[in-house]
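The values are calculated or read from the model by the stated rules, or taken from the named source; none is laboratory data. A quick note: this is a predicted structure, and the numbers were derived from the prediction, not measured. Note: ideal-geometry Cβ built from the backbone for every residue, glycine included; neighbour counts use all protein chains shown. To get the accessible areas, we keep the full protein, side chains included, count just its heavy atoms, and leave off ligands, DNA and RNA. Shrake-Rupley method; radii C 1.70, N 1.55, O 1.52, S 1.80 Å.
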Amino acid sequence: EDLQFEYGLVESAVIKKLKFIDNQIVSRNMSNLTPAQLEQFESTFRYFDHDETNTLTLAELTAALASLGIVYSDEDMATIHDELVHAYGALTFEAFINLMVDITEDQMSSDQLRDAFRGISNDKPFVTELDLKVAMLPPVAIDYLKSTMPKVTVNGTGANGEPAQAYDFETWLDGVFV
């Protein structure tokens, strides 16, 4: 009886270790996340995986996301959960990490974007087409920005000191991030 009990403990420890190793493999393959984010997401997943199956139920997913400050309506949560279960067979650690990558990867703040434009423009209140080219933006991105940013005429920045066409990124960003 004691031997069977100890066998159960060893078996449980081995299963937990295998899940941990699987999670580490998944984590290592997620290069878009910082190590701190990976650690936070993994500890959140483990904390809310109450039944230790290395999967999350809808209620566990809702609680896990809420603990990270991410809140969706009940309907949206059900849709997200169903899509992940359909794609992965269950809401596994890999599915959770991929969801977190989707949620966090494209969240650039207006301040970050404004700072990027200030860097491109060398702290001028406008950018020129040359500034955008020097920043090595793809031509399609430059064309898009030129077509959407308000145009301003700037004295002394064109060829031979003549007025040049420039683009007001500050006003554009104020409109984009309303």
Q: Tell me which residues, restricted to the range 54-71, are in a loop (DSSP other than H, G, I, E, B) and either open to solvent by 40 Å² or more (accessible area, probe 1.4 Å) or at negative phi (or both).
A: Leu56, Thr57, Leu68, Gly69, Ile70, Val71
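Residue-by-condition table, conditions (1) more than 30 Å from Asp131 (Cβ to Cβ); (2) of a type in the set (S, T, N, Q):
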position: Ser43; (1), (2): yes, yes
position: Thr53; (1), (2): yes, yes
position: Gly69; (1), (2): yes, no
position: Ala87; (1), (2): yes, no
position: Ala90; (1), (2): yes, no
position: Arg114; (1), (2): no, no
(Q) Being in a loop (DSSP other than H, G, I, E, B), loosely packed, with under 15 Cβ neighbours inside 10 Å and either more than 23 Å from the chain's Cα centre (by Cα) or at pLDDT below 90 (or both) narrows it down to one residue among Gln112, Gln107; which is it? (A) Gln107
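Results for (1) modelled with pLDDT of 75 or more; (2) of a type in the set (S, T, N, Q); (3) open to solvent by 80 Å² or more (accessible area, probe 1.4 Å), shown as yes or no for each residue.
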site: Asp22; (1), (2), (3): no, no, yes
site: Ser31; (1), (2), (3): no, yes, yes
site: Glu39; (1), (2), (3): yes, no, yes
site: Glu42; (1), (2), (3): yes, no, no
Q. Do you know which residues across the range 134-155 are closer than 14 Å to Gln165 by Cα, without any contact (Cβ under 8 Å) to a residue 12 or more places away in the chain and surrounded by 11 or more Cβ atoms within 10 Å (Cβ to Cβ)?
A. Asp143
Q: Please determine, by comparing only the residues of the range 65-104 that are β-branched (Val, Ile, Thr) and either at pLDDT below 90 or closer than 30 Å to Asp174 by Cα (or both), which one is nearest to the chain's Cα centre (by Cα).
A: Thr104
**Q.** Residue that is least open to solvent (accessible area, probe 1.4 Å) [pool: residues in the range 72-91 that are in a helix (DSSP H, G or I) and closer than 18 Å to Glu42 by Cβ]
**A.** Leu84
